Amino acid sequence: MVSALVVFATRNGATREVADAIADALRADGTTVDVQAAWSVRRSIVERDLIVVGAPIYSGRWLPSAHRFLKRHRADLQHLPVAVFALGPLDRTDEAWLCSKSQLDAALARHPWLSPVATAVFGGAEELGRSLSPRQDLRDWQAIRAWAVQVSRQAHPAG
């Protein structure tokens, strides 16, 4: 059985919700999954078959705890399939999506040794209570679940 670890960095919980949705989709596809905050992963992860790492982009940057996770576990991650996601735009424009993709690419460029099997940018979600207007939430749960299954199958094809 395939064993995965879904690691997330979050400020307000939106990325944790995406990490949980990814874990649920992986479990439904037959994978054993644990979900952990990036800052809390201290032990070796080498026994895992797949690592998924996600964090939001704030002010053009991926959260520092995601970078620290990659640095701390570099030796293991160089030998494991790794998929990476970011929560990005709160705007539906093509420009906003391209900008978020570029920002994720810049974050990953800080780790040239890392060759993810997949990357994705999902829509972001505003912090609750941030404004008087309705909460912006561009997370596409169907796309998130589909990406998780694709990552699982790409990392560990049947047969």
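Per-structure values
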item: Residue tally, condition buried (at least 18 other Cβ atoms within 10 Å of the Cβ) and part of a strand (DSSP E or B), over the range 39-68; result: 9
item: Residue match in the range 66-89 (condition: closer than 23 Å to Trp141 by Cα, of a type outside the set (Lys, Arg), free of Cβ contacts under 8 Å to residues at least 60 places away in the same chain and out of contact with any strand residue (DSSP E or B) (no Cβ under 6 Å at 6 or more places or on another chain)); result: yes
item: Residue in the range 38-45 that is of a type in the set (A, V, I, L, M) and over 20 Å from Gly124 (Cβ atoms) present; result: yes
item: Filter result (within 15 Å of Leu50 (Cα to Cα) and in contact with a Ser or Thr (Cβ under 9 Å, 6 or more places away or on another chain)) within the range 10-28; result: Ala19, Ala23, Ala25, Leu26
item: The range 5-24, residues that are in contact (Cβ under 8 Å) with a residue 60 or more places away in the chain, of a type outside the set (S, T, N, Q) and either over 26 Å from Gln103 (Cα atoms) or assigned to a loop (DSSP other than H, G, I, E, B) (or both); result: Ala9, Arg11, Asp24
item: Ala96 being surrounded by 11 or more Cβ atoms within 10 Å (Cβ to Cβ), at pLDDT 90 or above, touching a helix residue (DSSP H, G or I) at 6+ places or on another chain (Cβ under 9 Å) and in a helix (DSSP H, G or I); result: no
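The values are calculated or read from the model by the stated rules, or taken from the named source; none is laboratory data. This structure is a prediction, so every number in the text was calculated from the model and none was measured. Cβ coordinates were reconstructed from backbone atoms using ideal geometry, including for glycine residues, and neighbour counts include every protein chain displayed.
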